[in-house]
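The structure appears below as structure tokens.
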Amino acid sequence: MGGKVTCTLGEVKNRADFIVFWGGNPAECHPRHFTKYSLMPKGKHVPNGRKDRTVVLVDIRETKSVKAADIFLQVRPGKDFEVLTILRALIKDQAVDPRQVAETGLTLEQLTDLVARMKRAKFGVMFFGMGLSMTRGKHMNSAALLTLAAEMNAFTKFVAMPMRGHGNVTGADVVMRWQTGYPFGINFSRGYPRYNPGEFSTVDLLVRGDADAALILGADPGATMPQPAIDHLARIPTIVLDPKVTHTSRLARVHITTAVTGISAPGTGYRMDEVPIPLRPALKSPYPTDEEVIRRIHEAVCAKPDWIHANGQYTTNQV
Amino acid sequence: MSAIVLRLKDRPAVPLEAEVISPDLLAEMPHADIRAQAVYLGKRRLRLDDLFEVEGERSDQVEVHGDLGQVKWLGRGMSRGSLVVHGNAGMHLGAYMRGGRIEVHGSAGDWLGAEMKNGQIRVQGDAGGQVGAAYRGSLSGMRDGTILIGGSAGLEVGMRMRRGTIVIGGRARDFAGLQMKGGTLVLLGGAEIRAGAWMVRGTIISLQPLTLLPTFTYACRYNPDFLRLYSRFLAPLGIELPVAAQQGSYALYSGDASVPGKGEILVWQPV
Amino acid sequence: MIRITGGKVYDPANGINGQVRDICLAGGKVVADVDGGRTIDATGLVIMPGGVDIHTHVAGGSINFARAMTPEDHRRAVAFIRSQSRRAGLGGMAPTTFATGYLYAGMGWTTVNEAAVPILSAKHTHEELRDVPIVDKSCLVLMANNEIVLDLLQAGELERARHVVAWQIWASKAYGVKAVNPGGVAAWKWGQDAKQLSDPIAGYHTLTPGAIIKGLAQIVDELGLPHPLHLHCNNLGAPGNVTTTLESMKALEGHRAHMAHLQYHAYGGDDWSTMRSETVQLAEYFNAHPNLTTDAGAVLFGDTVTITADGPWQHLLYKLTGRKWGNLDVENETGCGIVPYSYRPSNLVNAVQWAAGLELLLLIDDPWRVFLTTDHPNGACFWRYPEIIQLLMRNDFRRECLASITPKARKAIKLPELDREYSLYEIAIITSAGPARALGLKEKGQLGVGADADLVIYHDDPDVLRMFSHPRYVLKAGEIVVEDGDIRATPEGREFLIKPAYDEGIENFLRPLFEDQYTMSFENYPVEVQRIEHPEIRDCMGTE
């Protein structure tokens, strides 16, 4: 069934001689990635840095990242899943119809060449961005890339990693996992954690209008979510914790200004490879930290009578 | 034995979870107990009669009336009797079902018949996504039974199904038969892209042309014998598959080579 | 203050074997007497010191990876419902942090040792340990594939390596040193493994796994760490690996060492179809060498998720099972692999594994040197320990279980010939007194005056499984935390740390290497002690 085969960024720096960026534009979205981790650094086993690495960029259009790549493969929009699935077949020497391959915008020769290079690599890595994970096919596109990377380990060392961004999204994912078992899309209404992306993920809840209140922390859905979700946020009591005025805070019933984490509030950030980095504030803020505000809200909520009326301390029959 | 009849008073503002509306659970109960059963409106635990008008008792024939589009888990894990919904049904209808029959005179939400083991679900209208599918992370979707959808269906219909039959009357969206391991998926109205993606085994039959992944290989055109038998199984359910050679034939594709899998996709080609 | 009267006390560290004694608790400790306070009438009940798990994986990057990979198991797990005093959580193969504390305490375990922590993500491990309530905690830092250490060992710079190891123990806020598949994980970063103790490791000129084992064992002894080198041998799980295990033990002569999950290293045969248990020769060697302790790493039939820093083994397991596979390589230090797995009695390999774990517990004659573990969650989940206790105490039950395994396995195992049955006294040793002693935690695993007031009170029930699954009371630091299966209180536990002596100047050596090889700044690497909830810094032993 595939899985997820990954590493920390130092492994890329020290070992990766074959690097694929898929559906992302790190030159503009992760400006330090090339110089700090993936392309330029001289690593323990890639002593000549960039010269020892082959870089492939796969995207639907030419971005600024193309200049940094040795090979650019331009996929037709919405064909990433097809290309990844073809690659999965090709690494196993399965026949694929060249005419149908052409519909992806790439030729069979290009893909056969890519496979040969992937297999020749000593340590390959595939980074993928939202151009893959947020386009038609969504989680299945990511699954296709992760599975390809896992399967490549039958031939050589290969890993994959999502290029995550936007604040401490990885940190939220990590903490939710240890506290609830699930990374996101978690529902506590029955008193214990349940998970079902599509049913419980924020954007789906809002689009369907399933929530009658919202507390928003470290995000600006008013700027990024589809209009029906934004409309629902404006309809219901929405509380925003944010250091600045945002699209969401403008439509919220309550905006609590908080200190900026990392600048005037301490904490821990989790890097895209899940390595924790301590955040040390350089300044003082007149505003409370997010943590303090949430703690006080939590204390007030805890003081209310229990609404779950559980029959016992635990249940062996989940819904 | 007359049926238990439940009438939804008002469409709830937030989702209502009512797995208790299942013949197995209500069949032996006196009227007062049925009324007192717990349902969950958002985070609040309420009585069934807070939301429904309740008639009847001690029956494994359950009828529900009203717009239940926000009501989840109807018929969860049921093994006998019948559940008839006059109106729409919410998500997870008949999930984990083991037997009995569900009928919906309306449309149904996502995860209908997810991981069901047996029984029959028929929906007159449309269905959401993940019909008969495996829940996230599970190895297998439906293991047996029959799901009949009159209208269209959403994403990932029959994902990882192992046995049983799903028939979609209208069009299915992307990834119909995703990672199928067995069973039969009949697409009377065809499907959007990526049907049969990563399938290991099992059969997809489409009466409309399909856009297949490049990892499926055309094998031949024929009128397979098993389809004659299969159409005899479907006929009493009101579903007709063309099988006569004079009407046309099926193009057989095998794949998905990326797995590599031995699934079959049959696409009807009328004369 | 609490006085517990009338209970039959099993306190092996103090030689008490079922005698009726009063036990008095005050200020979180066992005291000679109390005046006033609550009295618990334990007449007819059995009292033992709280359980100590010497080898488990409950917190950090790898178990958290396993959680992400197994939503299907979370859905069928026991779910803890939130209340005003208790957090929500899920049990199952890879329980959530809060549930981990509730489940351990729920069966009477009060101290756990997390056995695998990379320095790079140690902050993560400690953040999770903070969220494991009730139990006291410690953790072991992964060292046998740390490239800075390996380079020093290859260069023969043992003295400097010792300072580096000591610095790294304190930087990661660990309690001891764990060596996993020495050199093998480093080789895995090139898709290879290190199977022979005397072969140079991929990527190194002369360094062998044997040299790493010897070097680290010597360093740990020289530093005087209370817990010896904690070794997960090379060649885990492979048929015929007993020779590697015996060689590793021989390499350790003259040093203390703890052999982790020995069951996984006790196989003969040439391939999967001829695999057999070699526990007899292993136990024979082990019995004659008192420098060693071990834990069983027992297997129980059923579903679990395997997680280990042994990346190459996990890739093999993925290929064998065709199920999901997770892998995470940690720069310059270690890696981990995750594969969900089902142990089946009908499978020869699994049946041999099941038998081998029990055989080791039955064949090693000194219970003070072999401890109850399942290498949670690898062999089985920790909350199934009562099932193993039942297998150890009841030969007739063992025979019943033997009847259900594949007949092919009968010739490959020794278990049918073993009639030994554990006594309650011996159970108290392998679950508590022994592991506490091996960890060097003097106030744990015993109920003498001055000991920590961590204890468990069981019904004296002929049904061993029921007895150990449902304690009557569990007390942690003198507080009743579990009563009749209900969690009454969820106090925060402590964490034990070691600060071994090292030359502060070692940072001048480490800094440039670090900046060259790592991707974070050197200042951000160590875990600040403020991040530890209730840290308790322990002393090293006197070194000679």
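The figures follow:
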{"item": "Per residue value of the accessible surface for region A:128-211 (all protein chains in place, 1.4 Å probe), Å²", "result": "33 Å²"}
{"item": "Per DSSP, loop GluC sites (Glu not before Pro) in region B:164-271 with at most 14 further Cβ within 10 Å", "result": "B:Glu240"}
{"item": "Within region C:52-157, percent of DSSP bridges classed antiparallel, to nearest 5", "result": "20 percent"}
{"item": "Whole-number percent relative contact order across region B:4-270, with pairs defined as alpha carbons under 8 Å at least 6 apart", "result": "10 percent"}
{"item": "Anisotropy class of region A:169-302 from Cα gyration tensor, a/c 1.5 cut", "result": "oblate"}
{"item": "Shielded by partner chains, region C:323-337 residues - at least 40 Å² of accessible area, 1.4 Å probe, vs chain alone", "result": "C:Arg323, C:Lys324, C:Trp325, C:Asn327, C:Leu328, C:Asp329, C:Glu331"}
{"item": "Surface share of carbon and sulfur [accessible, 1.4 angstrom probe, percent] for the protein assembly as shown", "result": "51 percent"}
{"item": "Per-residue mean of C-beta atoms belonging to partner chains within 10 Å, peptide B:256-262", "result": "6"}
{"item": "About the Cα centre, charge dipole magnitude for region B:4-270 (Lys/Arg +1, Asp/Glu -1 at Cβ), debye", "result": "700 debye"}
{"item": "Simple label model, 7 Å out from Cα along Cβ direction - C:Lys499 to C:His205, nm", "result": "3.9 nm"}
{"item": "Heavy-atom surface of region B:4-270, accessible at 1.4 Å and reported per residue (Å²)", "result": "35 Å²"}
{"item": "Antiparallel %, DSSP beta bridges [both residues in region A:169-302], to 5", "result": "45 percent"}
{"item": "Interface area, C with A, accessible, probe 1.4 Å, both sides summed, Å² nearest 100", "result": "5300 Å²"}
{"item": "Selection from C:Pro377, C:Phe286, C:Gly478, by position along the positive dipole direction of chain C (Cβ)", "result": "C:Pro377"}
{"item": "Amide N of region C:13-48 lying under 18 Å from the label point, which is placed 7 angstrom from the Cα of C:Val449 along Cα→Cβ", "result": "C:13-16, C:21-36"}
{"item": "With Cα atoms, 0 to 90° folded angle of helix B:225-234 axis to chain B main axis", "result": "20 degrees"}
{"item": "Relative contact order [Cα under 8 Å, 6+ residues apart], chain C, whole percent", "result": "21 percent"}
{"item": "Listed residues B:Pro236, B:Pro15, B:Pro209, most fluctuating in chain B (Gaussian network, C-alpha, under 10 Å)", "result": "B:Pro236"}
{"item": "Gyration tensor verdict on chain A (Cα atoms; rounded if a/c is under 1.5, prolate if a/b is larger than b/c, oblate otherwise)", "result": "prolate"}
{"item": "GNM top mover of B:Gln70, B:Gln247, B:Gln208 - chain B, alpha-carbon springs below 10 Å", "result": "B:Gln247"}
{"item": "Region A:209-261, relative contact order in percent, only Cα pairs under 8 angstrom and at least six apart counted", "result": "35 percent"}
{"item": "Beta bridge orientation in the protein assembly as shown: antiparallel %, DSSP, nearest 5", "result": "40 percent"}
{"item": "Cβ charges +1 (Lys, Arg) and -1 (Asp, Glu), total dipole of chain A, debye", "result": "920 debye"}
{"item": "Efficiency of FRET between C:Gln281 and C:Gln19 - r from beta-carbon atoms, R0 41 angstrom, step 0.05", "result": "0.60"}
{"item": "Efficiency of FRET from Cβ geometry, B:Ala13 and B:Thr211, R₀ 56 Å, rounded to 0.05", "result": "0.90"}
{"item": "FRET efficiency for A:His139 and B:Val200, using Cβ-Cβ distance with R0 set to 22 Å, rounded to 0.05", "result": "0.70"}
{"item": "Cα-centred dipole magnitude for chain C, charges only on beta-carbon of K, R (+1) and D, E (-1), debye, nearest 20", "result": "1280 debye"}
{"item": "Overall form of region C:34-182 per C-alpha gyration tensor (a/c, 1.5; a/b vs b/c)", "result": "oblate"}
{"item": "Signed unit charges on C-beta, dipole axis of chain B, positive-most listed residue B:Gly128, B:Leu252, B:Leu234", "result": "B:Leu252"}
{"item": "Projected label distance in nm at A:Met40 and A:Arg280, using a 7 Å step from Cα toward the beta-carbon", "result": "2.4 nm"}
{"item": "Above-threshold pairs, the threshold being 22 Å between Cα atoms, out of C:Lys137/C:Lys214; A:Lys44/A:Lys122; C:Lys137/C:Lys444", "result": "C:Lys137/C:Lys214"}
{"item": "Sequence of A:Lys67, C:Lys319 from largest to smallest accessible area, 1.4 Å probe", "result": "A:Lys67, C:Lys319"}
{"item": "Listed residues C:Met249, C:Val132, C:Ser521: farthest to the positive end of the dipole of the protein assembly as shown (Cβ charges)", "result": "C:Ser521"}
{"item": "222 nm mean residue ellipticity, helices alone, for the protein assembly as shown (DSSP H n ≥ 4; -39,500 (n - 2.57); rounded to 500)", "result": "-7500 deg cm²/dmol"}
{"item": "B:His86-A:Tyr287 pseudo-label distance in nm [points 7 Å out on the Cα-to-Cβ vector]", "result": "5.6 nm"}
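The values are calculated or read from the model by the stated rules, or taken from the named source; none is laboratory data. Worth saying up front: this structure is predicted, and the values here are computed from it rather than measured. Neighbour counts run over all protein chains shown; Cβ positions are idealised from the backbone, glycine included. Accessible surface is based on the protein model in full, side chains and every heavy atom, while ligands, DNA and RNA are left aside. Shrake-Rupley method; radii C 1.70, N 1.55, O 1.52, S 1.80 Å.
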